[in-house]
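Following: one structure in structure tokens, then a few remarks.
The values are calculated or read from the model by the stated rules, or taken from the named source; none is laboratory data. As the structure is a computational prediction, the values presented were derived from the model and not from experiment. Virtual Cβ from ideal backbone geometry, glycine too; neighbours counted across all protein chains shown.
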Amino acid sequence: MDHASREAPASIRIGWSALMVAAVLAVATVAAIASRGLVGGFGLDAAGAVTVVAATLATGLALLPMAAIIELPRAMWGHWVPERRHRAGRCPACGYGGSGGRCPECGAAFERPPSYAADWATLRRVAWTVAPASLAAAALGLVIAVTDERAFAREVEAQRRRDPELRAWSRPRAWPAGFAELRWDAGRGFSGPPPFEAPKEALRPRA
Ligand SMILES: [Zn+2]
């Protein structure tokens, strides 16, 4: 047998990491697109990009308390399984039954293994999963949002070809930012206003 390792098999560690990166990427991409809708904007600009990146990294921070899920193989193989074996009076490292100071099978000490606890090392390891995935998600979300805005611009051009008298056109942003609108009007051109914008025009007397 291998030397009674307290690490999960490499395939499980790598597979779980890939799954966690994919999960963070999915959640943070949805957050990035939604935050574009909340903040507003139209087309790619530096300020808009910075806002989306910041909002997405904040989402990533919110995932940090889920360290025990992100680190599930380490927590299981390194802590939970050895603890259970120890409670059952078996070797924490290999599960061999016996008593005394050391395991006759693998030589590990028969002592209570440390409990899983999040510390700075945990945070660092988890941040290495969450931060790159969040950054990638921010970029991906921004590309998806701007692609939707460009599609809207083409829709408006098509509408104007059909109806040269067209003065204004709008539709909701694509999911998950459908709570916000993309707009075009003949006076101000394209805009992606935030959903809770004050209705300035309604207060102005109409000429
Ligand atoms: Zn053992």
Which one of 125, 112 is touching a residue at least 40 places away in the same chain (Cβ under 8 Å) and of a type in the set (D, E, K, R)?
125
Checking residue 36 against (1) more than 13 Å from residue 192 (Cα to Cα); (2) among the basic types (Lys, Arg); (3) surrounded by 20 or more Cβ atoms within 10 Å (Cβ to Cβ): exactly one of these is not met. Which one?
(1)
What's the number of the only condition in (1) within 22 Å of residue 61 (Cα to Cα); (2) hydrophobic (A, V, I, L, M, F, W, C); (3) surrounded by 14 or more Cβ atoms within 10 Å (Cβ to Cβ) that residue 153 fails to meet?
(1)
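Yes/no per residue for (1) within 16 Å of the ligand (Cβ to nearest atom); (2) touching a Phe, Trp or Tyr at 6+ places or on another chain (Cβ under 8 Å):
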| residue | (1), (2) |
| --- | --- |
| 93 | yes, no |
| 96 | yes, no |
| 103 | yes, yes |
| 112 | yes, no |
| 124 | no, no |
| 127 | no, no |
| 136 | no, no |
| 162 | no, no |
| 178 | no, no |
Which of (1) closer than 30 Å to residue 65 by Cβ; (2) at pLDDT below 95; (3) in a loop (DSSP other than H, G, I, E, B) does residue 193 not meet, given it meets every other one?
(1)
Can you find a residue that is touching a residue at least 40 places away in the same chain (Cβ under 8 Å), within 29 Å of residue 127 (Cβ to Cβ), surrounded by 13 or more Cβ atoms within 10 Å (Cβ to Cβ) and more than 16 Å from the ligand (Cβ to nearest atom) anywhere in segment 80-91?
no
What about residue 146, is it β-branched (Val, Ile, Thr), farther than 18 Å from residue 17 by Cβ and modelled with pLDDT of 90 or more?
yes
Counted residues, segment 103-137 - those being under 14 Å from residue 67 (Cα atoms), surrounded by 11 or more Cβ atoms within 10 Å (Cβ to Cβ) and out of contact with any His (no Cβ under 9 Å at 6 or more places or on another chain):
10
